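J.: Can you read through this structure? Questions will come right after.
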Ligand SMILES: [Zn+2]
């Protein structure tokens with residue numbers, strides 16, 4: 001029995017021809033098990049390149065379903081994938097690309113319950129998430145299991161990438177506390193190609209790490225600006241007060257850090273559902289306000305008047321209409337939540353925000369109209 005089948009030997013020819021990889025490096029890829037947390041903008045290119053390169057086992061964790069707004073950047077999915085579970089769609093498309101590898105799809109969120117076993121089984125973890133809570137959990141479990149992991153994050157036109165190992169500074173050394181009020185891609189927007197760039201850098205480091213080559217992003221943060229195409233590398237230093245890499249606290253003790261602030265489906269007390277919004281929209285006792293920018297308003301809206309978020313506090317203080325309940329909306333529900341906070345601060349208490357914004361409203365209307 002040989003180490004590779006005839007098909008594998010042909011398939012990986014271009015790797016095997018590289019003196020830095022060769023048959024030994026390719027065998028290391030074949031023997032590797034990589035855990036990919038998140039099958040979104042970063043997870044798609046990471047999974048595509050690792051599968052194509054012949055990483056023998058991939059486990060893909062994602063509880064989400066494909067949404068039409070994902071297709072602008074999540075290149076594993078097609079229009080037919082909308083509504084289907086990402087992890088399962090990813091598995092099907094990756095196996096079509098390379099049937100000689102093993103892929104496990106986990107369709108539940110990566111959490112403290114399933115995380116330890118998933119990390120324990122992997123040689124390398126790829127952080128393809130979009131939030132700090134899951135990154136802290138990946139970080140702390142990887143420290144506990146002495147597993148290296150590759151971090152990447154994207155925001156509008158900027159990206160970051162780093163390889164953390166048991167010997168290096170950790171993610172908490174870099175970010176001891178989650179920044180407050182950072183929007184995710186759903187709220188902030190992201191250039192479609194940006195997760196492709198950063199995911200490709202992650203896959204590049206992963207393939208070098210697994211095949212035994214040097215990895216320049218070890219203990220180093222790469223900063224990418226897609227607008228002017230600048231790349232900077234910053235050496236990381238271990239923080240002597242870091243609770244994770246000095247193992248001052250266990251993941252169980254740190255579990256409050258892993259709570260996703262925005263994952264809840266429950267409505268906050270200032271939020272209204274799309275159905276409630278529709279009832280109120282036709283009732284003259286309710287004043288509906290679109291708080292997005294003028295450009296967004298002109299492009300598309302779902303009624304009401306237009307007052308941008310930055311102007312709302314002043315506009316309503318000048319012309320108070322005490323009899324009306326105010327309902328604000330925006331694209332995803334984040335800016336309208338800010339508008340509600342600003343109005344309450346100005347003493348206008350009878351105000352609400354459309355939960356999930358226009359995005360959620362459109363989704364529910366598509367379902368209602370079939
Ligand atoms: Zn640390």
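Bear in mind these aren't lab numbers, they're just calculated from the coordinates by the rules spelled out. As the structure is a prediction and not an experimental result, all values here were calculated from the model. Neighbour counts run over all protein chains shown; Cβ positions are idealised from the backbone, glycine included.
J.: At what distance in angstrom do the alpha carbon centres of segment 35-88 and segment 97-151 lie from each other?
T.: Going from one Cα centre to the other spans 14 Å.
J.: Also, quick follow-up: Under the definition of Cα pairs under 8 Å and six or more residues apart, what whole-number percent is the relative contact order of segment 271-368?
T.: 31
J.: Among rounded, prolate and oblate, which fits segment 271-368 when a ≥ b ≥ c are the square roots of the eigenvalues of its C-alpha gyration tensor, a/c under 1.5 means rounded, and a/b larger than b/c means prolate?
T.: The shape class here is prolate.
J.: Kindly provide the pair-distance distribution of segment 190-268 built from C-alpha pairs, with 10 Å bins from 0 and whole-percent values in order of increasing distance.
T.: 13, 26, 34, 24, 3
J.: Right, something else. Would you mind checking the tilt of helix 22-31 against the longest principal axis of the Cα atoms of the chain, expressed as 0 to 90 degrees and rounded to 10?
T.: 50
J.: Could I ask something else about it? Arrange the following residues from fewest to most other Cβ atoms within 10 Å of their Cβ: 42, 229, 194, 267.
T.: In order of increasing Cβ crowding within 10 Å: 229, 267, 194, 42.
J.: Between residue 247 and residue 67, what is the spin-label point distance in nm, taking each point 7 Å from the Cα along the Cα→C-beta axis?
T.: Calculated label separation equals 4.0 nm.
J.: For the residues 28, 335, 238, what sequence is obtained by ranking on other C-beta atoms within 10 Å, fewest first?
T.: Lowest to highest Cβ neighbour count: 238, 28, 335.
J.: Helix 43-53 versus the longest principal axis of the chain: what is the Cα-based angle in degrees, 0 to 90, to the nearest 10?
T.: 20
J.: Rounded, prolate or oblate: which fits segment 206-357, taking a ≥ b ≥ c as square roots of the Cα gyration tensor eigenvalues, rounded meaning a/c under 1.5, else prolate when a/b beats b/c?
T.: Judged from the Cα gyration tensor, segment 206-357 comes out prolate (a/c at least 1.5, a/b above b/c).
J.: In addition: Provide 231, 4, 277 in ascending order of the number of other Cβ atoms located within 10 Å of each residue's Cβ, fewest first.
T.: 231, 4, 277
J.: Against the longest alpha carbon principal axis of the chain, how many degrees, from 0 to 90 and to the nearest 10, is the axis of helix 86-97 turned?
T.: Taking the Cα atoms of the chain, the angle to 86-97 is about 40 degrees.
J.: Taking the Cα-to-Cβ direction at residue 5 and at residue 220 and moving 7 Å from each Cα, how far apart do the two end points lie in nm?
T.: Placing both labels 7 Å beyond Cα along the Cβ direction yields 3.8 nm.
J.: Can you list the residues of segment 156-172 with backbone N under 14 Å from a point 7 Å past the Cα of residue 235, pointing along Cα to Cβ?
T.: 169
J.: Moving to a separate point now. Suppose R0 equals 22 Å; then what is the FRET efficiency for residue 228 and residue 156 from their Cβ-Cβ distance, rounded to the nearest 0.05?
T.: For R0 = 22 Å, the calculated efficiency reads 0.95.
J.: In cubic angstrom, how much convex hull volume per residue do the alpha carbon atoms of segment 223-295 span?
T.: That works out to 208 Å³ per residue.
J.: How far apart, in nm, are the 7 Å Cα→Cβ label points at residue 17 and residue 310?
T.: Reported label-point gap for residue 17 and residue 310 is 5.5 nm.
J.: For the chain, just the Cα atoms, rotate onto the principal axes and tell me the three extents in Å, largest first.
T.: On the principal axes, the chain reaches 81, 51, 42 Å in Cα extent.
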